[in-house]
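A short worksheet on the structure shown next.
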Amino acid sequence: MTDMALAQKMSAKENKKKTLVHQDKDFWERNRLSGGYLLQKKIMDIGLSIFRFILLFGMCFMILQPILNKISVSFMTEQDLYNPIVIAIPEHFTTANYRLAAELMSYGQALINSILISLTIAVLQITVCTLVGYGFARFEFPFKKFWFAAVILVILIPPQTIASSLHLHFRFFDILGLFKLTTGSTLNLRGSALPYYLMSAGCMGLKNGLYIFIIRQFFRGLPVDLEEAAYVDGCGMLKTFVRIMLPQAKPPITSCFLFAFVWQWTDGFYSRLFLGNTKLVSTSLSRIIDSLGAYIQRINGVKTTISVAYSNCILATGTLMIIMPLIILYLFAQRAFVESIANTGIKM
Amino acid sequence: MRGNGFMEKQKQKKKVVGLQKRKAKAGYAFIAPFVIGFLVFMIKPLWQSLNMSFCNVELGAGDFKQTWVGLTNYIYAFRVDPEFNRLLVEELSRMIVYSLAIIVFSFFVALILNQKFKGRALVRAIFFLPVILSSGVIVGLESNNQLMASLAQTIEQTTQGVSVTAALESILRTAGVGVRAYEKVFEVIDNIYDVAIASGIQIIIFLSGLQSISSSMYEAADIEGCTKWESLWKITFPMISSLFLVNWLYTVVDFCMRSDNGVIEKIQKVMVEQMQYGNASAMSWIYFLVVLAFVGITSLVISKGVYYYD
């Protein structure tokens, strides 16, 4: 019995070896048998992969080059910037640019503020958008089409259209004239972060329509049976959502959360409109050249024009400093991020 | 017996209706934040800004005054303001060219990134980096980076303006091929960096579509003797055609909201620096309507060619 099994095993092994040998056997022989087709195919495959490599390498370099360039410029002294021989590696290595940029942007405080605001806004936005996305994906209710069209409209309307009236809306904030009746004047909410939090809670913040859309698409793709089973077992709507559906929706929620955090981090429009006085990395970066001018004037006592090269060097350093946290975040999250978004399966 | 059955049916129906009602209520509860937000922070300001665009707005100490001036603000935007017309036309044509380029580029890149090769994870990570790095203020700062511009100029001078695109362009021009269209194409190629950094999300969307196509389709086509080129046009293209619509919408809208957009800059300047809220509202409404019309017409045209597989 065992002998037979052994013999069978042996013969199987031999067979395998044979086929392997057969496959390995003389490429040219097989090429001849196929009438030159094999060689043609092989050459084409290799050619294609070389072509692809060159193409991808070029494009990756194109994307990375500005960052590399910024890194090299940020370590240069002013002297190196004018030196035509110095291109990538600074001759006089210095970290003074970083110190200056940090001072000009009041980096420490701006960083803390930015982290706080981006984090809270992102959490708020994604929480609300998940709820709304789930509502759109899984429930039938009157005027559903109308409200979804409203979501699309929110994606389409440039926020600049309503910027001027929002500006006034919060400058003279009132709820149905209540404040005016009781205190005699309207509330001035400009310069506080409250309006922005209110808007984010109402899904009208930065790109919230897009998050609703992505999350809804994901929930629509999940099987309905899960929820029905939960309902049959006596789960309520909210409990089903929290316990059954939410754990499954991790991929789109993570990617939307990352988007929300990153876009909030670099946003200039909403920040300037609502958080004007709060020091944020994005707003202080966009003002860095002006503050450099003011700084040099304060030191020299006279108004001097700063050279283009030097101000751009400081700008590059500042940009690097504000994207550095994002790059670190991306390095940790990129795999999950790319996989999750590619598997979400966005479809219209 | 029969009556009983009828009653039971009725009861069941009632139950179903009850559940539906409850579900409808729950649905509204879930989307309530959006409904409230939409009414308070979108419809109301929209209405107000539409109103303001017909008014002259003056800021007072505790309030603001609106006086009805009819179409004056619109006439001002079109006929008096020195820049607005030009900026509008420029940005629209730029938008068309760049959006087309972005769609083509991202489709192409998604096709490549969908293939299997060594180092794919790394390449993907690099291609999605712009999603993070080229948003918000950074785009605006990047686009008027004078250091880079002067560097490019120096290179152009030292090499006497020899670049691949310039050479190609001169060849085509001497060959007498239609010039204007090619100029646009070469402009896009020269600014391929802008196209690449603006197409991160689009690549992701195309990629997710490509991964949802089942491989058995390609296998069947392969066995039937389809070439790769044929299966690209007969399978890949129709299967993800709906994503072209999504991407087109996203690209156009994204372009409108970029902070280096000339029209947006103009509106901001009029509103914040010159404090002319009426004029700014009129301009933004003109811009919004033009973009909406453009998006509506183009997506109607595209949706005619979209194939839905169910």
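Rule-based calculations on the coordinates, nothing more; no lab input. Values in this document were obtained by computation on a predicted structure and should not be read as measured data. FYI the Cβ positions are ideal-geometry reconstructions off the backbone, even for glycines, and counts take in every protein chain you see.
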Amide N of the range A:117-144 lying under 16 Å from the label point, which is placed 7 angstrom from the Cα of residue A:228 along Cα→Cβ: A:138-140
Assuming R0 = 41 Å, can you tell me the calculated FRET efficiency for the pair residue A:335 and residue A:79, based on Cβ-Cβ distance, to the nearest 0.05? 0.45
If R₀ is 41 angstrom, what is the calculated FRET efficiency for the pair residue A:290 and residue A:62, using the beta carbon separation as r and rounding to 0.05? 0.85
Mean separation of Cα pairs under 8 Å and 6+ residues apart, divided by the residue count of the range A:47-98: what relative contact order is that in percent? 32 percent
Cβ-Cβ FRET estimate between residue B:19 and residue B:308, R0 fixed at 41 Å, reported to 0.05: 0.85
Total formal charge among the other residues, if their Cβ is under 15 angstrom from that of residue A:41, Lys/Arg +1 and Asp/Glu -1: +2
Across the residues of B:235-242, average count of Cβ atoms on other protein chains within 10 Å? 1
In peptide B:202-211, how many Cβ atoms from other protein chains are near each Cβ within 10 Å, on average? 4
In whole Hz, what ³J(HN,Hα) sequence does the range A:216-224 give by Karplus (6.51, -1.76, 1.60; θ = phi - 60°), x for Gly and Pro? 4, 4, 5, 4, 5, x, 7, x, 6
Apply the a/c threshold of 1.5 to the C-alpha gyration tensor of the range B:178-258 and tell me whether it is rounded, prolate or oblate. oblate
Taking 27 Å as the cut-off for C-alpha to C-alpha distance, list the pairs among A:279/B:65; A:144/A:239; B:184/B:266; A:250/B:234; A:42/B:116; A:207/B:44 that go past it. A:279/B:65; A:250/B:234
Could you work out the mean count of beta carbons from other protein chains within 10 Å of each residue's beta carbon in A:105-114? 0
Quickly rank A:318-331, B:227-240 as a protection proxy: mean count of other C-beta atoms within 10 Å, highest first. A:318-331, B:227-240
Label point distance in nm, residue A:303-residue B:111, each placed 7 Å from Cα along Cα→Cβ: 5.7 nm
Let me know the charge dipole size of the range A:46-151 about its Cα centre in debye, to the nearest 20, where only the beta-carbon of Lys, Arg (+1) and Asp, Glu (-1) is charged. 660 debye
Taking the range B:16-80 on its own, what percent of its Cα-Cα pair distances exceed 13 Å? 75 percent
For the range A:150-164, what does the Karplus curve 6.51 cos²θ - 1.76 cosθ + 1.60, with θ = phi - 60°, yield as ³J(HN,Hα) per residue in whole Hz, taken in order and with x for Gly and Pro? 5, 4, 4, 4, 4, 5, 7, 6, x, x, 5, 4, 9, 4, 5
In sequence order, calculated HN-Hα J values of the range A:287-298 (Karplus, 6.51, -1.76, 1.60; Hz; x Gly/Pro): 9, 5, 5, 4, 5, 5, x, 5, 5, 5, 5, 5
